[in-house]
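Every number here is computed from the coordinates shown, using simple stated rules; none is lab data. Quick caveat: nothing in here was measured; it's all calculated off a predicted structure. A quick note on method: Cβ atoms are made from the backbone with ideal geometry, for glycine too, and the neighbour counts reach across all protein chains shown.
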Amino acid sequence: MKRTFNDLTGQRFGRLVVIGVDDRGTRKTYYNCQCDCGNVKSVRADSLLCGAIRSCGCMKKEQDRINLEANHSHRQSGTRLYQIWQGMKKRCYNPHDARYDRYGGRGIIVCDEWRENFQAFHDWAVQNGYDETLTIDRIDNDGNYCPENCRWSSKEEQARNRSSNIKITIGNATKTLTEWCEIFQVDYRMVLARYKRNGFIGIDELFN
């Protein structure tokens, strides 16, 4: 006696579209289904109808990856590097942050690669010399937070790179006033007072 059944061909169940019967010669009816990701999977009719199976398995893989990334971020949430990542985003996107005017308020952003992906930021940091004594520094103070414009610097190095620093060119070299004072071994506060009064009036007049 020929078995009769309600043909599901053409119907969609989650990501699966039934493309035909998989004749296994068994009492249960199976269907070949095309998944949105491109894979073909044979699924029992009752599993389709009750919603137990809604993809070829790709949905579970995606959720497992999301869970893995979420758990990794959660484990990292107490680390200094994670706090640096969060602080970087707050400066750029939270108008209530005390430093927003100097970052987000000036149009500085965090690149797409880092903004929503701590793991990408973490990997870049580790590969580019991060340690617990260093802070993130933008090479171009008018540029964004991105791999091409960031480095790890000591607090002293970062202070020298601030946009508020006075930069003076002597010959072919441009350095901050602080660096020139170190080179000429003179008191910074004394030289700064001279500079504010007269500007760059010459090497001898400024640094002697």
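Ellipticity at 222 nm from helices only: DSSP H runs of n ≥ 4 in the chain, each -39500 (n - 2.57), divided by the residue count, give -11000 deg cm²/dmol. Taking one quarter of the surface of the C-alpha convex hull of segment 77-160 gives a mean projected area of 5.4 nm². Ranking Ile108, Trp152, Phe118 by how far each Cα lies toward the positive end of the dipole of segment 77-160 (charges on Cβ) leaves Ile108 at the top. With coordinates expressed along the principal axes, the C-alpha atoms belonging to the chain extend over 111, 35, 28 Å, beginning with the largest. This model, with +1 at the C-beta of Lys and Arg and -1 at the C-beta of Asp and Glu, gives the chain a dipole about its Cα centre of some 1020 debye. In terms of the mean number of neighbouring beta-carbon atoms within 10 Å, the peptides 13-26, 185-198 order highest first as 13-26, 185-198. Placing unit charges on the Cβ atoms only, positive for Lys and Arg and negative for Asp and Glu, gives segment 77-160 a dipole magnitude near 340 debye about its Cα centre. In percent, rounded to a whole number, the relative contact order of segment 1-62 is 26, using alpha-carbon pairs under 8 Å and six or more apart. Number of Lys-Lys pairs in the chain with C-alpha atoms under 18 Å apart and a separation of 8 or more places or on different chains: 8. For the pair Arg151 and Ile109, the difference between a 0.36 nm per residue extended length and the Cα-Cα distance amounts to 13.5 nm. Sequence-ordered 3J(HN,Hα) estimates for segment 144-153 from the Karplus curve with 6.51, -1.76 and 1.60 and θ = phi - 60° stand at 8, 7, 7, x, 6, 10, 10, 8, 9, 10 Hz, glycine and proline given as x. Amide H contacts for Asp22 (H built 1.01 Å from N in the peptide plane; partners 5 or more residues away or on another chain; cut-off under 5 Å): Tyr30, Tyr31, Asn32. Per-residue 3J(HN,Hα) values for segment 81-92, derived from phi via the Karplus relation 6.51 cos²θ - 1.76 cosθ + 1.60 with θ = phi - 60°, read 5, 5, 5, 4, 4, 5, x, 4, 6, 4, 4, 8 Hz in sequence order (x marks Gly and Pro).
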